[in-house]
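The values are calculated or read from the model by the stated rules, or taken from the named source; none is laboratory data. Predicted model, so just to flag it, every value in this text is computed and none were measured. Heads up, the Cβs are rebuilt from the backbone with ideal geometry, glycines too, and the neighbour counts pull from every protein chain shown. Accessible surface is based on the protein model in full, side chains and every heavy atom, while ligands, DNA and RNA are left aside. Shrake-Rupley method; radii C 1.70, N 1.55, O 1.52, S 1.80 Å.
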Amino acid sequence: MWGGRFERGPAEIMERINASIDFDRKLHAQDIAGSKAHAAMLVAQGIIASDDGEKIQAGLDAVKAEIDEGRFEFRRDREDIHLNVEARLAELIGPAAGRLHTARSRNDQVATDFRLWVRDAADRLSGQATDLVAALLDQAETHADVVMPGFTHLQVAQPITFGHHLMAYVAMLERDIGRLRDARARLNECPLGAAALAGTSFPIDRFATAAALGFDRPTANSLDSVSSRDFALEYLAAASILGVHLSRLAEEIVIWTSAQFRFITLTDAFTTGSSIMPQKRNPDAAELSRAKVGRVIGALNALLIVMKGLPLAYAKDMQEDKEPTFEAAEAIELVVAAMAGMVRDMTPNAPVLKAAAGTGFSTATDLADWLVRALNMPFREAHHVTGRIVKLAETRGIDLDALSLADMQGIEPRITAAVFDVLSVDNSVASRVSFGGTAPSGVRLQIAAARTRLGL
């Protein structure tokens, strides 16, 4: 590769630090697709002869077949996927292979390959996230009426429904899908033809290669084309936010399956046992999903740090962009698949959930709202009165609905027996009919709207 300028080969340690073939071989399909599009454009523009173009196309197909069938020898002395493919192409078709690199550089070649790979990864992840949403919607619809406690500070706050709780994750995931689609739209510009950094003097047609590879258009600036990796950063950022959302759900699954909560059960398919304690059923799939998100966030941080101090245009530091991105994509795709499986597998324990929903004076807000509506009391005063009633119930070790009417009238004489209509958890959730609220009727409307938005 460097024979015209260098007299000796690299030191062994230089070869080790410089070579990227051990990981960028993942780009082989994208690299060959880019080369085929580039070769076809060179022929169409009269830059290389058609017979050379035909040899290149046939040779690239042969190289791809060898890789797909596991017969290709990836060599570290050839540094990267680009040189490995080109060297094998030369072995297969001879001197015509040397014409393929006309009017391009490895700089625009790898930028194109990597964009194609990230585009595919974004499409896969968006599809997986949509499947997870479908699983959540199915469970939310089935259990739209199941009452459970809603929490703030992990303390019982107000009664909600299981369906409503799951729909919170649907809302998060819809935004995640939107971020992935937005990132995909922004990255869908083709760097091929930017060459090393300044473009090329050959009469190339960058619009043709962009169209052949499914891009919307070529990138507008040759320096930016080869020196930017914000498309990978944006994918990793979207994947990290998605991962945070999934980690929160995984944490809740871990809590909900514990003996102390018993809110849901998972089958053998998504739990494991203990080597010493035969009674154990551990939610390991949820725990591992929660942990693997750290890899995704770490990949984002790693690439941000790689890019933060680089002057324009290309620097070899950018070779460190692919490994973290590849590893993050593998991790987040596994997590999404595991979470979809667990959501479909879990069964809510409705009696336990309903009993828990009534603890912690969870209908205190309903009492305060009733005082406002029935007695025309200012909310701050109603809040104070309700607090005194809660304190009385707490002192006696009973729930609000176990207090007598006389007990409550001892604090606020105008309270009537109608107050007991709002103190049950069923009536509480049914009353929350404001848009986006927990009432089962509203939850079902939310589910239908989400199915329409996502084509589910």
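Scan the stretch 267-276 and give yes if some residue there is closer than 18 Å to Arg248 by Cβ, assigned to a loop (DSSP other than H, G, I, E, B) and modelled with pLDDT of 85 or more, otherwise no. No, every residue in the stretch 267-276 fails to be closer than 18 Å to Arg248 by Cβ, assigned to a loop (DSSP other than H, G, I, E, B) and modelled with pLDDT of 85 or more.
Looking across Arg119, Arg124, Arg115, one residue alone is touching a strand residue (DSSP E or B) at 6+ places or on another chain (Cβ under 9 Å) and in the same structural domain as Ala313 (by the TED database). It is Arg115. Here Ala393 meets each of (1) in a helix (DSSP H, G or I); (2) open to solvent by less than 40 Å² (accessible area, probe 1.4 Å); (3) out of contact with any Phe, Trp or Tyr (no Cβ under 7 Å at 6 or more places or on another chain) with one exception, condition (3). Residues that are loosely packed, with under 14 Cβ neighbours inside 10 Å and either within 16 Å of Phe162 (Cβ to Cβ) or not hydroxyl-bearing (Ser, Thr, Tyr) (or both) within the stretch 423-434 comprise just one, Val433. Per the listing Arg184, Arg206, Arg179, the residue uniquely touching a residue at least 12 places away in the same chain (Cβ under 8 Å) and over 22 Å from the mean Cα position of the chain (by Cα) is Arg206.
For (1) on the phi > 0 side of the Ramachandran plot; (2) assigned to a loop (DSSP other than H, G, I, E, B); (3) surrounded by 18 or more Cβ atoms within 10 Å (Cβ to Cβ), each residue gets a yes or a no:
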| position | (1), (2), (3) |
| --- | --- |
| Val352 | no, no, no |
| Val385 | no, no, yes |
| Arg388 | no, no, no |
| Ile398 | no, yes, no |
| Asp421 | no, no, no |
| Gly436 | yes, yes, no |
| Leu445 | no, no, no |
| Ala450 | no, no, yes |
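Taking each residue of the stretch 238-257 that is without any contact (Cβ under 8 Å) to a residue 24 or more places away in the chain and looking for partners that are part of a helix (DSSP H, G or I) with beta-carbon atoms closer than 6 Å, six or more apart or interchain, yields nothing. Each residue in the stretch 362-383 was checked for being in contact with a Ser or Thr (Cβ under 9 Å, 6 or more places away or on another chain) and either acidic (Asp, Glu) or on the phi > 0 side of the Ramachandran plot (or both), and 2 pass. Screening Arg104 against (1) in contact (Cβ under 8 Å) with a residue 24 or more places away in the chain; (2) surrounded by fewer than 21 Cβ atoms within 10 Å (Cβ to Cβ); (3) not in a helix (DSSP H, G or I) leaves a single unmet condition, (2). Among all residues of the stretch 234-254, there is none that is buried (at least 17 other Cβ atoms within 10 Å of the Cβ), part of a loop (DSSP other than H, G, I, E, B) and polar (S, T, N, Q). Ala299 meets all of the listed conditions (1) in contact with a Leu (Cβ under 6 Å, 6 or more places away or on another chain); (2) surrounded by fewer than 17 Cβ atoms within 10 Å (Cβ to Cβ); (3) not in a loop (DSSP other than H, G, I, E, B) but one, namely (2). Does Glu320 satisfy the criteria of being within 22 Å of the chain's Cα centre (by Cα), modelled with pLDDT under 95 and open to solvent by 20 Å² or more (accessible area, probe 1.4 Å)? Judged against the criteria, Glu320 is a match.
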